[in-house]
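See structure below.
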Amino acid sequence: MQYSNYRMVHEIIKTVVYAIRAKRFVPVFQPVYNAETGEIFAYEALARIVDKNTIIYPDMFMPAAEWGGLTHYVDTMILQRACEAVKDKNARLFVNVHPETFKQRTDFPEIVMSIAQATNMQGRLYLEITEKSKFIVDKDMERKLNDNGIFFIIDDFGADFSNLSYLKSVNAPIVKIDGEFIKNIHTDERDKFIVKHLAGLFNTLGKEVIAEFVENKHIRDTLMEIGINLHQGYYYSKPSFNI
């Protein structure tokens, strides 16, 4: 989201600071389903600010958090609360991490490992990163996290300038294909062709593939037809505070 003026940015940064201090950042959860078995493969934690009866969404507050150098507070709070919520579930947990968080806190991997250990989420915790993070996540960081049962997911593959070199720079066992390629896959043969062959490439590289924006049965059926069975979207479930 683009803010209209600096005053608006200032006001939203104030809202973010208040939400951090008052612990108003809470996760909502959207499941990833295995369409073949009907089982939940994972829960993705998404950040919200909740204050009384008001819910503020990331497209409003995350640009301000980045502007104010506050993303690591948001990511850490969501990570902690999400791990606490999922620790007794037999499922993986996906948590988005902003690229700036790795810059703002060089000890962020240690924070993640500490939270994972305290909540018994080692082996089930995945950090979703976009292509911007590939210039920040180095091999030593990746190895340290992997050794402690924490893994990366390549999120929104195909968005912006995502390219195949991304797959070499980050050793992620899971790739999410950007929803722009999914939402019309049942009517657009080009999208279907691209997604089918991307999935084949990822599978050959030993990576699992998740399709986002699965909004209806037609999309679901088309994905299963081309061999993608891990789905996330409103057809299955909207984000919820309860899991």
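The values are calculated or read from the model by the stated rules, or taken from the named source; none is laboratory data. Not measured: the values here are computed from a predicted model. Every residue, glycine as well, gets a Cβ built from its backbone with ideal geometry; the counts of neighbours run over all protein chains shown. Heads up: the accessible areas ignore ligands, DNA and RNA and are worked out on the full protein's heavy atoms, side chains in. Shrake-Rupley method; radii C 1.70, N 1.55, O 1.52, S 1.80 Å.
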Angle between the chain longest axis and helix 6-21 axis [Cα atoms, degrees, rounded to 10]:
90 degrees
Go through region 110-123 residue by residue and turn each phi into a ³J(HN,Hα) via Karplus (6.51, -1.76, 1.60, θ = phi - 60°); whole Hz please, and just put x for glycine and proline.
5, 4, 4, 5, 5, 5, 4, 5, 5, 9, 6, 9, 4, x
Can you give me the distance in nm between label points at ASN120 and THR204, each placed 7 Å from the Cα along the Cα-to-Cβ direction?
4.2 nm
Given [x] 17.9, 50; [y] 19.6, 66; [z] 19.5, 73 as candidate values of Rg and Dmax of the Cα atoms in Å, which corresponds to the one derived from the coordinates?
[x]
Based on the Cβ-Cβ distance of ALA91 and LYS14, what FRET efficiency does E = 1/(1 + (r/R0)^6) give at R0 = 45 Å, to the nearest 0.05?
0.80
Using the structure shown, list the pairs from LYS103/LYS207; LYS103/LYS144; LYS192/LYS217 with a Cα-Cα distance above 19 Å, or answer none.
LYS103/LYS207
Structure shown: which of LYS23/LYS183; LYS139/LYS176; LYS87/LYS176; LYS23/LYS196 lie over 31 Å apart, alpha-carbon to alpha-carbon?
LYS23/LYS183; LYS23/LYS196
Could you pull out every residue, at least 5 positions away or on a different chain, whose amide H is within less than 5 Å of the one on PHE151? Hs are placed 1.01 Å off N in the peptide plane, and Pro or chain starts have none.
LEU125, TYR126, LEU127
Dividing the helical contributions, -39500 (n - 2.57) per DSSP H run of n ≥ 4, by the residues of the chain yields a 222 nm value, nearest 500 deg cm²/dmol, of -12000 deg cm²/dmol
Applying the Karplus parametrisation 6.51 cos²θ - 1.76 cosθ + 1.60 with θ = phi - 60° to the phi angles of region 78-86, what ³J(HN,Hα) value in whole Hz is obtained for each residue in order, glycine and proline being reported as x?
5, 4, 4, 5, 5, 4, 4, 6, 9
Return the long-range amide H neighbours of ASN96 (sequence gap of 5 or more, or a different chain), with a cut-off of under 5 Å between placed amide H atoms.
ALA45, GLU128
Within region 161-241, what whole-number % of the accessible surface is contributed by carbon and sulfur, with the 1.4 Å probe and all protein chains included in the calculation?
54 percent
Looking at region 27-175, send over the antiparallel percent of its DSSP beta bridges, to the nearest 5.
40 percent
Any idea of the accessible area per residue across the chain, 1.4 Å probe, to the nearest Å²?
51 Å²
